[in-house]
Amino acid sequence: MSEIAPRKVRGAIVAGYQFCITIGILLANCVVYATQHRRDTGSYRIPIAVQFLWAIILGTGLALLPESPRYYVKKGKLDKAAKSLARVRGQAVDSEYIQDELAEIIANHEYEMSILPQTSYLGSWKACFEGSIMKQSSNVRRTLLGIFMQMMQQLTGINFIFYFGTVFFQQLGTISNPFLISLVTTLVNVLSTPAAFWMVEKLGRRTILIYGAALMVLFQFIVGIIGVTAGRDTPGHPANPAAVKAMIAFICLNISAFATTWGPAAWIVIGEIFPLTIRSRGVGLSTASNWFWNCIIGVITPYLVADQPHSAKLGAKVFFMWGSLCCVSFLFALFFVPETKSEYILYTFRQSPSP
């Protein structure tokens with residue numbers, strides 16, 4: 001998407017990727033909500049079976065997608081690059097608009113090749129880590145930025161809510177239908193994300209990352225404070241229903257803050273920081289980082305909040321941990337993330353961000 005989208009709307013288009021993720025999460029929760037009362041194997045088989053439908057749709061769609069014009073330019077297939085660009089722009093191949101944009105892509109590629117010539121397969125992976133980490137435009141700096149960007153996105157704790165929110169809401173003690181509350185949180189996620197289409201272009205990627213992290217720190221610490229005071233459910237001292245409602249409200253605000261900032265912006269940034277010569281490798285490493293930390297959170301979180309032997313039994317106190325990690329995300333965005341709004345991908349790192 002970063003390679004084919006016009007730069008003026010690149011952020012909004014890539015944000016659409018995150019929007020599709022939120023719709024998928026919502027649909028998954030709808031299926032789980034519909035099967036919550038089943039006592040047979042259908043309670044888990046039906047949610048798994050429904051996933052096959054989307055895999056078929058995705059596989060069919062991929063077969064119909066055009067190849068990236070930048071990829072064809074990289075391979076020296078300029079005729080195919082022109083046809084691909086004309087298809088995604090809805091213009092004639094010989095139109096002035098297509099020829100001008102193709103010339104720009106070729107010029108960018110030639111400039112990149114003059115700095116980093118084409119290498120072997122292994123050399124292309126090695127190129128991701130070349131240069132000095134202290135130099136803003138070095139490949140290693142870009143690669144580490146992408147890897148840590150995706151790590152920080154996961155460490156905001158957002159997937160704790162979507163993965164284990166139902167169990168957490170059940171632990172609060174005063175909620176009669178935790179499945180419904182989980183469904184509401186995913187709906188908040190969907191409804192909040194479209195605002196990012198405008199925000200990433202109007203306010204900038206770095207700006208919304210900074211303010212988004214700051215808001216998540218605030219909301220998560222509020223949830224934690226309420227959870228260890230009036231919202232705490234203990235034998236003989238049941239939780240205050242109003243306090244529990246307040247916790248849910250601030251959890252929804254936290255989700256909204258994520259959905260409009262770190263959710264889409266993290267993907268937008270990694271699509272814009274890499275030069276063409278290492279873009280596929282850099283984005284691949286960044287995405288691998290996302291799923292690695294996603295897996296780590298999925299594995300360790302049950303041991304943090306479960307009310308079982310050998311578990312930490314943190315309960316609402318886990319939000320203090322997520323809030324603290326959001327502080328790290330705030331500092332990361334403030335001091336290390338450059339602004340990429342309205343810039344050519346090639347020139348992203350020409351200027352350093354100012355704290």
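Read-outs: derived from the displayed coordinates by stated rules, not from any lab. Keep in mind the model is a prediction, meaning the values are calculated, not measured. Note: ideal-geometry Cβ built from the backbone for every residue, glycine included; neighbour counts use all protein chains shown.
To the nearest ten degrees, helix 96-115 and the longest principal axis of the Cα atoms of the chain are 90 degrees apart. Each Lys and Arg contributes +1 and each Asp and Glu -1, all at the Cβ; summed about the Cα centre of the chain, the dipole is approximately 320 debye. Bridgeable lysines around K245 (alpha carbons under 26 Å apart, same-chain partners fewer than 8 residues away excluded): K313, K317. Comparing mean-square fluctuations of V217, V188, V31 from a GNM of the chain with C-alpha springs under 10 Å, the top value falls on V31. Only Cα sites of the chain enter the Debye sum here, all with the same form factor; the resulting log10 I(q)/I(0) across q = 0.10, 0.13, 0.14 1/Å is -0.69, -1.07, -1.19, listed in q order. Panel order for T287, T229, by other beta carbons found within 10 Å of each beta carbon, from fewest to most: T229, T287. Between R206, R38, R142, which gets the highest mean-square fluctuation from a Gaussian network model of the chain, Cα cutoff 10 Å? Greatest mean-square fluctuation among the candidates belongs to R38. Of the residues G11, G315, G282, the one that moves most in a GNM of the chain with alpha-carbon contacts below 10 Å is G315.
Annotation: the residues I297, I270, I158, sorted from fewest to most other C-beta atoms within 10 Å of their own C-beta, follow the order I297, I158, I270.
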